[in-house]
Amino acid sequence: MVLKGILHEDDARRAFDAGVDAVVVSNHGGRQVDRSIAALDALVRVREAVGPEPTVLMDSGVRSGADLFVALALGADACLLGRPHVYGLALDGAAGVSAVIDNVLAELDLTMGLVGAATIADVTRELLVEG
Ligand SMILES: Cc1cc2nc3c(=O)[nH]c(=O)nc-3n(C[C@H](O)[C@H](O)[C@H](O)COP(=O)(O)O)c2cc1C
């Protein structure tokens, strides 16, 4: 069972205590509470709270491979794409969805190459600088 919509570290702890297999840190693409906390900020707190082992996924606002890179560096095991899939679908059907995924993965690959990260395990927080 995967529980989606987690934005608070206490809820993440409760979810894993209750036996979920994974959580998705998400503000549902910013479509629920206006001015909600950014999912990326919540991701940092959730990962710090639950430790390195539990599976933590993330979505809301991932648009490029560089966005994916940052989320992975901040502790996501993987990310979900919401609206980009739909944009690809509207433009070119199934091929458009494939193109969206291929482009995001190519951007991730490029970003990793440029920063010297050979594997996903090398994508760590040390590669980021606080703005
Ligand atoms: C039109 C639309 C409808 C959605 N409906 C739901 C929903 O019923 N339940 C839900 O958990 N998330 C819903 N979402 C949120 C998505 O599942 C997903 O979390 C979000 O789109 C990810 O953000 P992104 O679009 O910025 O990638 C919806 C998103 C869109 C764009």
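The values are calculated or read from the model by the stated rules, or taken from the named source; none is laboratory data. Note that the structure is a prediction, hence the values are computed from the model and not measured. Here the Cβ is made from the backbone with ideal geometry for all residues, glycine too, and neighbour counts use every protein chain on show. These area figures cover heavy atoms from the full protein model, side chains too; ligands, DNA and RNA do not enter into them. Shrake-Rupley method; radii C 1.70, N 1.55, O 1.52, S 1.80 Å.
Things worth noting here:
- Accessible-area order (highest first, 1.4 angstrom probe) of the listed residues Ile101, Ile6: Ile101, Ile6
- At least 30 Å along the helix axis (C-alpha) and Kyte average at least 0.0, DSSP helices within the chain: 83-115
- Total formal charge among the other residues, if their Cβ is under 15 angstrom from that of Val20, Lys/Arg +1 and Asp/Glu -1: -4
- Accessible-area composition of the chain, carbon plus sulfur, in percent [1.4 Å probe]: 55
- Net charge dipole, the range 2-127: roughly 340 debye, given to the nearest 20, about the Cα centre with Cβ charges of +1 for Lys and Arg and -1 for Asp and Glu.
- Per-residue ellipticity at 222 nm, computed for the chain from helices alone with -39500 (n - 2.57) per DSSP H run of at least four residues, works out to -16000 deg cm²/dmol.
- Taking label points 7 Å from Cα along the Cα-to-Cβ direction, Val115 and Leu128 give a separation of 0.8 nm.
- Label-point separation, Leu91 to Lys4 (7 Å along Cα→Cβ), nm: 2.3
- GluC sites (Glu not before Pro) within the range 35-131, DSSP loop, no more than 16 other Cβ atoms inside 10 Å: Glu130
- Neighbour count of at most 11 Cβ within 10 Å plus DSSP loop: longest trypsin sites (Lys or Arg not before Pro)-free window in the chain: 36-131
- Efficiency of FRET between Ser64 and Val33 - r from beta-carbon atoms, R0 35 angstrom, step 0.05: 0.90
- Within the shell of other residues whose beta carbon sits under 15 angstrom from the beta carbon of Arg83, the net charge comes to 0, with Lys and Arg scored +1 and Asp and Glu -1.
- Calculated diffusion of the chain, Stokes-Einstein form, Kirkwood radius summed over Cα pairs, 37 °C and 0.692 mPa s, µm²/s: 214
- Solvent-accessible surface of the range 52-131, averaged per residue with a 1.4 angstrom probe and all protein chains in place: 58 square angstrom.
- Counting Lys and Arg as +1 and Asp and Glu as -1 over every other residue whose Cβ lies under 13 Å from the Cβ of Ala73, the net charge comes to -3.
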